[in-house]
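Q: Below you will find the structure I want to go over with you.
The values are calculated or read from the model by the stated rules, or taken from the named source; none is laboratory data. Keep in mind that this is a model prediction, so the values were computed, not measured. Cβ coordinates were reconstructed from backbone atoms using ideal geometry, including for glycine residues, and neighbour counts include every protein chain displayed. These accessible areas exclude ligands, DNA and RNA; they are computed on the full protein's heavy atoms, side chains included. Shrake-Rupley method; radii C 1.70, N 1.55, O 1.52, S 1.80 Å.
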Amino acid sequence: MRVRHVLALACAACVLAVLPAFAEGTIKIGFPIPLSGPAALYGVPILKGAQMAVADLNAKGGVLGRKLELLPRDSKASADEAVRLARELIIKDNADFLAGTLTSAEAPAVSTIAKENKIVFIAPSAKTASLTAPANLHPYIFRFASNTTTEGQAGAIIMSKWKDIKKVATIAPDYAYGRDAIASFVAEIKKLRPDIAIVDQQWPKLGEPDFTAFITAQMSKQPDAVFCDLYGGDFVTFVKQAMPLGYFTAIHNRLADGGEVGAVDVTEPLGANYPFGIWSDAYDPVIWPGHEPAAHKAWVQEMKDSLKSPYGSGWAIQGYSVILALAAGIEKAGSTNSDKVSKALVGLTFDTPAGKRSFNANHDADTGEFWGEMVKDPKYPFAIIKDPTYYNPEPVAVTD
Amino acid sequence: MNRVALGRSIPWTLVVFLIAVWVPALGSRYDTFLGTQIAIDALFVVSLNLLLGTTGLVSFGHAAYFGIGAYACGILMKTYGVPFVIAFPAAALIAAFFALIFGFFCVRLSALYFAMLTLAFAQIVWAICFKWNAVTGGDEGLPNIPYPKLDWISSLPGLGDLSIADEFYLLTILMVALSFAILRQVIRSPFGRMLTTIRDNPERAAFIGLNVRAYELAAFVVAGGFAGLAGALYGIFNRGAFADYVFWSKSAEVLIMTILGGINYFWGPPVGAFALVWLNQEITSYTQYWPFVLGVVLLVLLFGFPGGIVGGLVAGYERLRRMLRPRHA
Amino acid sequence: MLDVRKLSKAFAGFVAVDAVSLAVETRQTTAVIGPNGAGKSTFFNLITGHLRPDSGQVLLDGRDITGTPPHRICRLGIGRSFQRTNIFTRLSVLENVQAALLAHRGRGHDFWSRSERFYRDEAEELLGSIGLAHQADSTAGTLAYGNQKQLELGIALASDPQVLLLDEPTAGMSATETREAMKLLERIAGERGLTLIFTEHDMEVVFSIAEKIAVLHQGRVLAKGTPAEVRADAEVRRVYLGERP
Amino acid sequence: MAASFLFSQFVGGLTTAMFLFLIASGLSLVFGVMRVVNFAHGTFYMLGAYLAWQAVQWLSPTGENFWPAALLAALGIAVLGAVVERLLLRHLYGREELYQLLFTYALVLILGDAAKFIWGTGQLSVTRPPVLAASLHLFGAEVPLYNLFIMILGPLIALGGWLVLNRSGAGRLVRAASYDREMLDALGANVGTIYTGMFVVSAFLAGLSGALVTPIESVVPGMDVEIIVQAFIVVVIGGLGSFWGTFWGSVIYGQVLSFGILIFPGFSLFSVFALMAVILIIRPWGLFGRPIR
């Protein structure tokens, strides 16, 4: 008798332990993203944006009647780590979808995992054109960010208007993002201004702690202007080291940076030490005098509250929008089956705080960047983008 | 002490292999996943232990040959479309070749200097992997290494329809078991005996007529080759080769696994690999501070159980046997 | 047999061995004596290739072996024991001797056989002759000190040497142990026709078995000759024998 | 190319070199005397940086009190070094080198995570001390005063270290300890105290260099692993255990890195690894080391 009781109890315990795994529970979204190191400056707000979206959607009853659950993991901006986490999220944690990753090293690596496991993966910030190039495109990869082609072209268009420059240098992190963006910039600037010569190209690694030698080497080639793709913590360190070396004075602050260093996330830590007068971009200018959409204003307030930050972040919008896009896809597909969601996402138009966006047949969203000159404003203790202008040059067919 | 008869006559490699075969059938997808990782790590640590436990050489750069194997196999399979049956042994040969070159310089130094030199060469390999964008993919690594063609495994009688991950698992444990059998034999061979004399006393070893450096180099090359095999499998398993594989912290990690299991036993290091992988997946569900836990485990090991898990078990078994046996025996 | 000519070695300006010459006949037993720091061990290390001499020559059977690495010297027929016991502590006694046999016979490159199957009988026989047969399966490191010294002799003999260099073969032994060890040495040298060169502190031992004695002092040869000649040497009496406690 | 640019490239390289020397000297001293390769040296450096940031927050976020904060940080790390040596490391002296290596690696893991736990994973930053915030116009190049300060401090520390090692009684004991520990024990010198002292001095240097780097570089997790690799290269190039070797190793490293970037921009950090490879092939024991076997 006793034995049977014990057995029954044991069985019940087992069933209870196993139950949650089988219940039609939450929709799980694996979210590997850099939460440490210099890239965390962007990774953390992206994650917070995503968490905000999940909270908003769940407050409205979730998607298809099921709550969303975000499974964030620190990818340390390393492709190796991101791959490991992505597989663990799928195999161990039974994630239904993947979103996240920050760098263009992580996203392509995770994309192959998504393809193999037939799980939809939406990248909020990886820009490398090769992510969705024909050779690498598969049904499950989607990108919400603008791509390196757009970014390089935007930079070239801006720089082509600086009439007196003849010698241009570039500096960008030495991996897919930097290399692709610089390639696109160089191709476009040569088209727009054949009189311009590229005099120097520097390739520090991502997370470089000491830029001094790169800076002095670049100065020795005496460029008139610089196209830069350093971003996040790297840009903060770069500026800190370049200022006393007279780098910005030498180029008269004629530098364009496509790495979203116009976002509050970078301008705030640099404060008064920001190289005012350079041109840069942000996905979300946050401080947006002029033609700001009404919905955006309300959302920014919510975002600031949610981030507990008086100035918010220019990156939260990427995390937020990715989750909205995924939810819209699931809603349209009426299922969490990745094959169906993937079909639903192609051509889907959805709302984001900065307006409507849609995924094209190439699985890229038509996301552009807000560019402008970085200026002082008495209302803020840091640089802001003057007249943020939306740049979204026609996406060009990418040849691999 | 090290002459325990316990299980000497049992062909452990075969036994463990026959048990491991059942994992895909009985376990979850995640068990197979962990099993693959443990099997590959086990091969990696056993190759290191040929240096550490058998020859008495502390290599702090063993990850170099693991990484070279991963890149070599990955580049051959992905970039050049070479089939696995050729790429896999080629990875071992290439890793062994690099071990020969680096080892040539390393064995000229001894003890701590040897360890530091192996580390230095491993960092050079890392720098090459990290910077040679055109070949290794640089910072982004070499993602998307294709799986080998393994449909034939599913067509074997009695196996049924297996997923590619299951098939790769079976391939992995087969390769690891074969490697174990070879390494076990090498250690038991006269060559292996010569290595143990070098471990115990290099001065004396030279004076029984051994060219100590040549033997150390040979051991280094063999260990490098098998580390290369482990790396080749890992590159496919982890769906890519990355510069992190070669970084010095990876070398430290294998050393930890090896001594955690116990360097005085062939099966010590694989037990260490099993324990560490298992512990990692248990701990990471509770806390993100895995390095902290690993550090504490390491401290406990260094101060409490220098013989490692298997060393501790054998010592406990010995004590128990002595307690249970009548005195006069 | 062994002819050492004007061997010199200096360490950072300090001359440890200074133009030492020594000719040893086949089957002769030679003792090299001298106070601590006289250069005895360095002298041995120069002969066996552990150190490279600054100048001078070592000839074995008329063949120049100066600067040859230790493992080759060993192959050429010079065996040696060390001042600090040098055995393979974690192997069994039998495995120690087996390993030496394998190494000497060039079997070390063999990857595909089992090492324990080689030369079992020979190793056991050798252990018998040095009186360690009953300890064959013990771990070498656990042996008593005297037995470890015996084993070291066994390892040296496994290389089938013609010349055997022994650095303080009885260091740390009691008087009885010393007597037994020397008896064993004499017997084996006789059986195998060995040429023995040894260093020793115990003058009783030295004068009882050495046929020839060389006295080293501050790196130089102070005196050479038969025990009687050396005993009679005034210089030796003054600087060396006189200092004996 | 104008000479002023070469000069500024040279100065940049020298700054890097002197920073590296500050860090690597401690690593080299501990190895030279105690035969311990302290992987945790980089972690001491990182903790020094975090402590300096913390002290600056307490004392004055605007940066006037940077100097006391830096000193405080260095002293804090020295105390940490003493605790580590006295409580843990000393129990491993009799053991194989492998155990000491792995012990210091355990410290890397534990202290690195502790720093993450305390200060988070974000990037922290300290402003330049106002006294040295300006730049000097020298031979047509801008040389930040702070870099100049580091370039002067490096050789001073080298000279000081050399004087202490070679001209003082304590230094003689330290050098003797590096040759033969047993002999020193027999002479009645307290080797334990010498070792503790050495470890504390080395930790102080690591903490100090960590504190001093904060005005130019960002304080982030992982900066320990980054720096230990560089310090290690310097020590290997110069020769393990050679104090002056470490100094010249740093100088060579800095210049090769700096001019490598100028001449072969595509290769950047690879130039120093190539340098290390060449030196190891010619002299595996380093430029100033002694062959040991």
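Q: Does region B:121-162 hold any residues that are open to solvent by 20 Å² or more (accessible area, probe 1.4 Å), within 11 Å of chain D (Cβ to nearest Cβ) and under 25 Å from the mean Cα position of the chain (by Cα), and which are they?
A: The answer is B:TRP126, B:ILE128, B:PHE130.
Q: Name the residues in region B:15-71 that are farther than 22 Å from B:ALA87 by Cα, open to solvent by less than 10 Å² (accessible area, probe 1.4 Å) and in contact with a Lys or Arg (Cβ under 6 Å, 6 or more places away or on another chain), would you?
A: Matches in region B:15-71: B:THR55 only.
Q: Pick out, from region A:265-382, the helices (runs of 4 or more DSSP H) lying fully within it that include 2 or more residues that are in the same structural domain as A:THR103 (by TED's automatic domain parsing) and over 26 Å from A:PRO108 (Cβ atoms).
A: A:294-307, A:316-333
Q: When the residues of region B:99-120 are filtered to those that are open to solvent by less than 30 Å² (accessible area, probe 1.4 Å) and not in a helix (DSSP H, G or I), which remaining residue is farthest from the other protein chains (Cβ to nearest Cβ)?
A: B:VAL107
Q: Given the residues B:GLY61, B:GLY67, which is the only one that is in contact with a Phe, Trp or Tyr (Cβ under 9 Å, 6 or more places away or on another chain), in contact (Cβ under 8 Å) with a residue 12 or more places away in the chain and outside any helix (DSSP H, G or I)?
A: So the residue among B:GLY61, B:GLY67 that is in contact with a Phe, Trp or Tyr (Cβ under 9 Å, 6 or more places away or on another chain), in contact (Cβ under 8 Å) with a residue 12 or more places away in the chain and outside any helix (DSSP H, G or I) is B:GLY61.
Q: Is it the case that B:GLY307 is modelled with pLDDT under 90, under 22 Å from B:THR55 (Cα atoms) and either of a type in the set (Gly, Ala, Ser) or open to solvent by 10 Å² or more (accessible area, probe 1.4 Å) (or both)?
A: yes
Q: While we're looking at this one, here's another question. Limited to region C:168-187, what total is found for residues that are in contact with a helix residue (DSSP H, G or I) (Cβ under 7 Å, 6 or more places away or on another chain), without any contact (Cβ under 8 Å) to a residue 60 or more places away in the chain and in a loop (DSSP other than H, G, I, E, B)?
A: Summing the residues that are in contact with a helix residue (DSSP H, G or I) (Cβ under 7 Å, 6 or more places away or on another chain), without any contact (Cβ under 8 Å) to a residue 60 or more places away in the chain and in a loop (DSSP other than H, G, I, E, B) in region C:168-187 gives 3.
Q: Sort through D:TYR146, D:TYR179, D:TYR93 and tell me the only one that's at pLDDT 90 or above and either of a type in the set (Ser, Thr, Tyr) or exposed (fewer than 15 other Cβ atoms within 10 Å of the Cβ) (or both). I'd like the intermediate steps shown before the answer.
A: Numbers: D:TYR179 fails: at pLDDT 90 or above; D:TYR93 fails: at pLDDT 90 or above.
Exactly one of D:TYR146, D:TYR179, D:TYR93 is at pLDDT 90 or above and either of a type in the set (Ser, Thr, Tyr) or exposed (fewer than 15 other Cβ atoms within 10 Å of the Cβ) (or both), namely D:TYR146.
Q: If you don't mind, another one. Restricting to region C:97-116, give me the number of residues that are at the interface with chain B (Cβ under 8 Å from one of its Cβ atoms), assigned to a helix (DSSP H, G or I) and either closer than 21 Å to B:ARG184 by Cα or aliphatic (A, V, I, L, M) (or both).
A: So the answer is 7.
Q: Evaluate region B:214-237: report whether one residue or more is on the phi < 0 side of the Ramachandran plot, more than 14 Å from chain A (Cβ to nearest Cβ) and assigned to a loop (DSSP other than H, G, I, E, B). Outline the logic, then answer.
A: Step one: list which residues in region B:214-237 are on the phi < 0 side of the Ramachandran plot, which gives B:214-237.
Cutting the leftovers down to more than 14 Å from chain A (Cβ to nearest Cβ) gives us B:214-230, B:232-233.
In the following step, the residues that additionally are assigned to a loop (DSSP other than H, G, I, E, B) were identified as none.
No.
Q: Among the listed residues B:GLU282, B:GLU318, B:GLU253, which satisfies the condition of being among the acidic types (Asp, Glu) and at pLDDT 90 or above?
A: Selected residue: B:GLU253, the only one of B:GLU282, B:GLU318, B:GLU253 that is among the acidic types (Asp, Glu) and at pLDDT 90 or above.
Q: Here's a follow-up. If only one of C:LEU51, C:LEU22, C:LEU46 is closer than 21 Å to C:CYS74 by Cβ, at pLDDT 85 or above, assigned to a strand (DSSP E or B) and open to solvent by less than 60 Å² (accessible area, probe 1.4 Å), which one is it?
A: C:LEU22
Q: May I pose another question? Which condition from (1) over 21 Å from D:LEU205 (Cβ atoms); (2) open to solvent by 20 Å² or more (accessible area, probe 1.4 Å); (3) within 11 Å of chain B (Cβ to nearest Cβ); (4) part of a helix (DSSP H, G or I) is the one that D:VAL256 breaks?
A: (3)
Q: Are any of the residues in region B:182-204 in contact (Cβ under 8 Å) with a residue 40 or more places away in the chain, over 18 Å from A:ARG84 (Cα atoms), more than 13 Å from every other protein chain (Cβ to nearest Cβ) and not basic (Lys, Arg)?
A: no
Q: Moving on to the next point. If I filter region D:34-52 for residues that are farther than 29 Å from D:LEU148 by Cα and assigned to a helix (DSSP H, G or I), do I get at least one hit?
A: yes
Q: Looking only at region A:13-36, which residues are modelled with pLDDT under 85 and either under 20 Å from A:THR267 (Cβ atoms) or open to solvent by 50 Å² or more (accessible area, probe 1.4 Å) (or both)?
A: A:ALA13, A:CYS14, A:VAL15, A:LEU16, A:ALA17, A:VAL18, A:LEU19, A:PRO20, A:ALA21, A:PHE22, A:ALA23, A:GLU24
Q: Then there is this: Any idea which of C:ARG27, C:ARG84, C:ARG75 is at the interface with chain B (Cβ under 9 Å from one of its Cβ atoms) and either in contact with a Pro (Cβ under 9 Å, 6 or more places away or on another chain) or open to solvent by 20 Å² or more (accessible area, probe 1.4 Å) (or both)?
A: None of the other options fit; the residue is C:ARG75.
Q: Return the residues of region D:52-77 that are within 14 Å of D:ALA203 (Cβ to Cβ) and open to solvent by less than 10 Å² (accessible area, probe 1.4 Å); say none if nothing qualifies.
A: D:ALA73, D:ALA74, D:ILE77
Q: Specify which of the listed residues (B:ALA275, B:ALA223, B:ALA232) is small (Gly, Ala, Ser) and surrounded by fewer than 24 Cβ atoms within 10 Å (Cβ to Cβ).
A: B:ALA275
Residue-wise test of (1) modelled with pLDDT under 85; (2) away from chain D (no Cβ under 14 Å); (3) closer than 23 Å to A:GLU88 by Cβ.
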position: B:ILE19; (1), (2), (3): no, yes, no
position: B:GLN37; (1), (2), (3): no, yes, yes
position: B:ALA63; (1), (2), (3): no, no, yes
position: B:PHE66; (1), (2), (3): no, yes, yes
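Q: Do we have B:GLY209 as free of Cβ contacts under 8 Å to residues at least 60 places away in the same chain and either surrounded by fewer than 22 Cβ atoms within 10 Å (Cβ to Cβ) or within 14 Å of chain A (Cβ to nearest Cβ) (or both) here?
A: The answer is no for B:GLY209.
Q: What are the residues in region D:53-83 that are polar (S, T, N, Q) and part of a helix (DSSP H, G or I), if any?
A: Scanning region D:53-83 gives D:GLN54, D:GLN57.
Q: I've got another one for you. Go through region A:249-277 residue by residue and tally those that are in contact with a strand residue (DSSP E or B) (Cβ under 9 Å, 6 or more places away or on another chain), free of Cβ contacts under 8 Å to residues at least 60 places away in the same chain and within 11 Å of chain D (Cβ to nearest Cβ).
A: 2
Q: What is the number of the single condition among (1) at pLDDT 90 or above; (2) part of a helix (DSSP H, G or I) that C:LEU165 does not meet?
A: (2)
Q: What single numbered condition from (1) in contact (Cβ under 8 Å) with a residue 60 or more places away in the chain; (2) in contact with a strand residue (DSSP E or B) (Cβ under 8 Å, 6 or more places away or on another chain) fails to hold for B:TRP267?
A: Failed condition: (2).
Q: Right, here's the next one. State whether the residues of region B:244-257 include one that is at the interface with another protein chain (Cβ under 9 Å from one of its Cβ atoms), crowded, with 24+ Cβ neighbours inside 10 Å, in contact (Cβ under 8 Å) with a residue 60 or more places away in the chain and not aliphatic (A, V, I, L, M).
A: yes
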